[in-house]
Amino acid sequence: MTRVLLVDDDEKMRVSTAQALELAGFAVEALGSADEALALAGPGFAGAVVSDIRMPGMDGMTLLGRLHDVDPDIPVILVTGHAEVPLAVEAIRGGAYDFIEKPFVVQELATVIRRAIDHRGLVLENRRLRAVAGKRDDIEARLPGRTQVMVDLRYRLRAIGSSDTDALIIGPTGAGKEVVARALHDISIRAGRPFVAINCAALPEALIESELFGHEAGAFPGALRARFGKFEHARGGTVLLDEIGSMPLELQAKLLRVLQERVITRLGSNDAIPLDVRFIAISKVDLAELVARGAFREDLYWRLNVAVLHVPPLSARREDIPLLFLQLVRESAARHKLPEREAASAFLSSLAAKEWPGNVRELRNLAERFVLGLEGAEVAGQGARLSDQVADFERSLIAGAIAAHGGRLRPVYETLGISRKTLYEKMQKYGLDRRLIVDADH
């Protein structure tokens, strides 16, 4: 079965379309918001996205842009009303695969989806062939650093990536475990297949088995139709089990069976379904300690503890921190379409001496604030010309006032004692966007 993410805030429309597409042979993930689609569609996504244009929050056009930031070759099919056809045509020019007008015949939508998925398959296969032919991967860019712990991590990652064994990634909060997991998937033979991330700590206990294993119609009250679980959605690809130490003991026993036998059984069924996936487990704590406390099954621990990657905290790679910060600044500036700011050398040196309990995530937050002008002038001003220091101070002062007033500009120019026109001119001069500043501050 081919995979389709169906995004529509209208529940009746979403359910009826999903049922019709499933009858046409697709594996459909029916989603009520664009944010859910973004969480499921990564660079290795092997399917198509079908989205309504008009939705509250993030609309279909915005979703198209965000998905193409992740991977410009993900096929996005937009569903549009008659009055929105010119908008949809503009979206085609902007990279949408196709659009279909309401009311539509499901068979027509299914035909468009099949073409889109065939195209996506060719794209992913070409990527795989280029990788096999020796095209250099981007592991250095994803996991930069010259310290020995990072050199060792990249070496082990490539060694494990070339195999198909399950893997365990250990590291503190914010160190980049998810980045390592995604890189492991993308350099593996499964790169063209789904990458399904499951946060074991966030799954509702009452629904956890149904979420993972799926269920048949009538398996429990409210189960009106059969539903694939996340394990089935990942067939041929990779399952990421985040915070696996939080998984209930009863479910650990069932996971052990899946790891050993590579079969699953949906709730309400006795039929075993073969499962071709690679499992990557993530933990911020040493699982051996959980085993000693009786909070984690020893047999599952030894089943996972074969190919292990340890992601170091920033405190173990202090020499990398200045260069890593500058890379994060470049990425943030590109993402926000803002000019890069130069950081003073004394400030960069001070970063290496700081404690970073939030690790790379905390450093990335600092880089975001720096790019948006929310850090003090001393960050960039040391050793700079007086005019540059004054400009940087002014930029920081305005950005801080915007953040303090929640993006409302009137109290900003009144507090600073300048006119509205002057404020707008200075915001344009310094590349300040009040929406980005408020988002970063929160």
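The values are calculated or read from the model by the stated rules, or taken from the named source; none is laboratory data. What you see is a predicted model; the values in this text were computed from it and never measured. So basically every Cβ, Gly included, is an ideal-geometry build from the backbone, and we count neighbours across all protein chains shown.
With the structure loaded, tell me whether THR80 is surrounded by 17 or more Cβ atoms within 10 Å (Cβ to Cβ) and of a type in the set (S, T, N, Q) or whether it fails that test.
Yes.
Go through the stretch 229-269 residue by residue and tally those that are small (Gly, Ala, Ser) and at positive phi.
Residues meeting the conditions: 2.
Going by what's in this entry, would LEU287 be described as farther than 17 Å from ALA202 by Cα, buried (at least 17 other Cβ atoms within 10 Å of the Cβ), outside the structural domain of ALA39 (by TED's automatic domain parsing) and in contact with a strand residue (DSSP E or B) (Cβ under 9 Å, 6 or more places away or on another chain)?
Here the answer is yes, as LEU287 does meet what is asked.
Output yes when any residue across the stretch 272-284 is modelled with pLDDT under 90, crowded, with 16+ Cβ neighbours inside 10 Å and over 23 Å from TYR301 (Cβ atoms), and no when none is.
yes
Hey, can you tell me all the residues within the stretch 10-40 that are of a type in the set (D, E, K, R) and surrounded by fewer than 16 Cβ atoms within 10 Å (Cβ to Cβ)?
Selection gives ASP10, GLU11, LYS12, ASP35, GLU36.
List pairs: first residue in the stretch 184-207 and outside the structural domain of ALA37 (by TED's automatic domain parsing) and under 20 Å from VAL311 (Cα atoms), second residue buried (at least 20 other Cβ atoms within 10 Å of the Cβ) and of a type in the set (Asp, Glu) anywhere in the structure, Cβ distance under 7 angstrom, at least six positions apart or on different chains.
ALA197/ASP242; ILE198/ASP242; ASN199/ASP242; CYS200/ASP242
Suppose we filter LEU87, LEU63 for residues that are surrounded by 15 or more Cβ atoms within 10 Å (Cβ to Cβ) and under 26 Å from ARG193 (Cα atoms); which single one remains?
Step by step, each of LEU87, LEU63 is checked, and only LEU63 is surrounded by 15 or more Cβ atoms within 10 Å (Cβ to Cβ) and under 26 Å from ARG193 (Cα atoms).
Within the stretch 410-432, take every residue that is within 14 Å of GLY400 (Cα to Cα) and among the aliphatic types (A, V, I, L, M) and give me the one that is modelled with the lowest pLDDT.
LEU432
Criterion first (touching a residue at least 12 places away in the same chain (Cβ under 8 Å), in contact with a Gly (Cβ under 8 Å, 6 or more places away or on another chain) and charged (D, E, K, R)) does ASP71 satisfy it?
yes
For the stretch 169-195, which residues satisfy the criterion of being part of a strand (DSSP E or B) and surrounded by 21 or more Cβ atoms within 10 Å (Cβ to Cβ)?
Across the stretch 169-195, the qualifying residues are ILE169, PHE195.
Could you list, in sequence order, all residues of the stretch 255-309 that are assigned to a loop (DSSP other than H, G, I, E, B) and of a type in the set (Phe, Trp, Tyr)?
Across the stretch 255-309, the qualifying residue is only PHE296.
Please pick out the residue among PHE220, PHE231 that is without any contact (Cβ under 8 Å) to a residue 60 or more places away in the chain and assigned to a loop (DSSP other than H, G, I, E, B).
Just a single option satisfies the conditions, and that option is PHE220.
On the basis of being surrounded by 19 or more Cβ atoms within 10 Å (Cβ to Cβ), under 22 Å from the mean Cα position of the chain (by Cα) and without any contact (Cβ under 8 Å) to a residue 40 or more places away in the chain, does ALA96 make the cut?
The answer is yes for ALA96.
Could you check the stretch 30-93 for helices (runs of 4 or more DSSP H) lying wholly inside it with 1 or more residues that are over 15 Å from the mean Cα position of the chain (by Cα), within 22 Å of VAL106 (Cα to Cα) and in the same structural domain as LEU6 (by TED's automatic domain parsing)?
60-70, 85-93
Does VAL7 satisfy the criteria of being closer than 13 Å to ALA116 by Cβ, buried (at least 19 other Cβ atoms within 10 Å of the Cβ), in contact (Cβ under 8 Å) with a residue 24 or more places away in the chain and not assigned by TED's automatic domain parsing to the domain that holds GLY237?
no
Only residues that are under 20 Å from the mean Cα position of the chain (by Cα) and more than 17 Å from ARG266 (Cβ to Cβ): list them for the stretch 237-252, please.
Residues satisfying the conditions are GLY237, THR238, LEU240, LEU241, ASP242, GLU243, ILE244.
Hey, could you check the stretch 1-42 for residues that are more than 19 Å from MET61 (Cβ to Cβ) and among the basic types (Lys, Arg) and say which is modelled with the lowest pLDDT?
Checking each candidate, the answer is ARG3.
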